[in-house]
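Structure first, commentary second.
Just so it is clear, none of the values below were taken in a lab; they were calculated from the coordinates. Predicted, not measured: the structure shown is a model, and the values here were computed from it.
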Amino acid sequence: MGRSWIDITMADRVTADNIFKWTVGKEPSCSDHNSISFSMYAGKNARYKPNRFKLKNLDPVALKTATNDIFRDKTDDLDKEVDNCVNKMLEA
């Protein structure tokens, strides 16, 4: 079975909601990737909410502790979910 790299396009929710006509180009490019083109609605009002947190107030130690507490028992579940997502992409 051959191998290939899967390209993923990511956008925040507001941007994704405004995208249409998303296509992968068939014409040659100067890259080993195909070109991607899309159109965006210009007239829609963005429902953007600014971040509630300021990075200058971030306590890295508290963040690491809280993250470890949340995900400590879920590591196996996360690994399984990642494997599941990779397998689904490979099957597509």
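For TRP22, nonlocal amide neighbours, meaning residues 5 or more places apart or on other chains whose placed amide H falls under 5 Å from its own, are SER39. Rounded to the nearest whole Hz, the Karplus-based 3J(HN,Hα) values (6.51 cos²θ - 1.76 cosθ + 1.60, θ = phi - 60°) of the range 14-21 follow the sequence 4, 5, 4, 5, 9, 8, 8, 6, with x at glycine and proline.
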